[in-house]
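Chemist: Sharing a structure here in structure tokens format.
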Amino acid sequence: MTDIKIKLAIEFSIAESDLEDGLAEYDELSVDSLIRQILDKSIAVDDIACTIVEGPNNLEEVDELRTASAAG
């Protein structure tokens, strides 16, 4: 049997502090990298492509959103 490809979209909300803590705990990874690691460790996927469509992908982008929110 050949590999089976599954494509999905996930949307979730997370507290700003939890996102910061999670990314900092894993050596400043991006959200897409964190999701790839979780999936790989959970079910040993051969090839994982993860793309953030909307929302911050790293701590710098969280800071940019915070700054924009404070200014607006």
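The values are calculated or read from the model by the stated rules, or taken from the named source; none is laboratory data. Quick caveat, the model's predicted, so the values are computed rather than measured. No Cβ is skipped: glycine too gets one built from the backbone with ideal geometry, and neighbour counts run over all protein chains shown.
Chemist: Mind counting the residues in segment 29-72 that are more than 21 Å from Ile10 (Cα to Cα) and at pLDDT below 85? Quick ask: steps written out before the conclusion?
Modeler: Taking segment 29-72 as the starting set, the residues that turn out to be more than 21 Å from Ile10 (Cα to Cα) are 60, 63-64, 66-72.
Then keep just the ones that are at pLDDT below 85; that gives 72.
Total satisfying the criteria: 1.
Chemist: Here is a follow-up. For segment 48-66, enumerate the residues that are free of Cβ contacts under 8 Å to residues at least 12 places away in the same chain, loosely packed, with under 14 Cβ neighbours inside 10 Å and charged (D, E, K, R).
Modeler: Glu54, Glu60, Asp63, Glu64 - these are the residues of segment 48-66 that are free of Cβ contacts under 8 Å to residues at least 12 places away in the same chain, loosely packed, with under 14 Cβ neighbours inside 10 Å and charged (D, E, K, R).
Chemist: Run down Ser33, Ser69 and say which single residue is among the hydroxyl-bearing types (Ser, Thr, Tyr) and either loosely packed, with under 14 Cβ neighbours inside 10 Å or not in a helix (DSSP H, G or I) (or both).
Modeler: Exactly one of Ser33, Ser69 is among the hydroxyl-bearing types (Ser, Thr, Tyr) and either loosely packed, with under 14 Cβ neighbours inside 10 Å or not in a helix (DSSP H, G or I) (or both), namely Ser69.
Chemist: State all residues of segment 44-66 that are of a type in the set (Asp, Glu), part of a loop (DSSP other than H, G, I, E, B) and under 15 Å from the mean Cα position of the chain (by Cα); if no residue qualifies, say none.
Modeler: Initially, segment 44-66 is screened for residues of a type in the set (Asp, Glu), giving 46-47, 54, 60-61, 63-64.
This time we only want the ones that are part of a loop (DSSP other than H, G, I, E, B), so: 46-47, 54.
Selection gives Glu54 alone.
Chemist: With the requirement that a residue be in a loop (DSSP other than H, G, I, E, B), modelled with pLDDT of 80 or more and within 13 Å of the chain's Cα centre (by Cα), what does segment 1-28 give you?
Modeler: Ala9, Ile10, Glu11, Phe12, Ser13, Ile14, listed by residue number.
Chemist: How many residues, within segment 1-52, are of a type in the set (Asp, Glu) and under 20 Å from Thr67 (Cα atoms)? Walk me through how you get there before you give the answer.
Modeler: Our first condition is that a residue be of a type in the set (Asp, Glu); within segment 1-52, this holds for 3, 11, 16, 18, 20-21, 25, 27-28, 32, 40, 46-47.
From what is left, the residues that are under 20 Å from Thr67 (Cα atoms) are 16, 18, 20-21, 28.
Here the count works out to 5.
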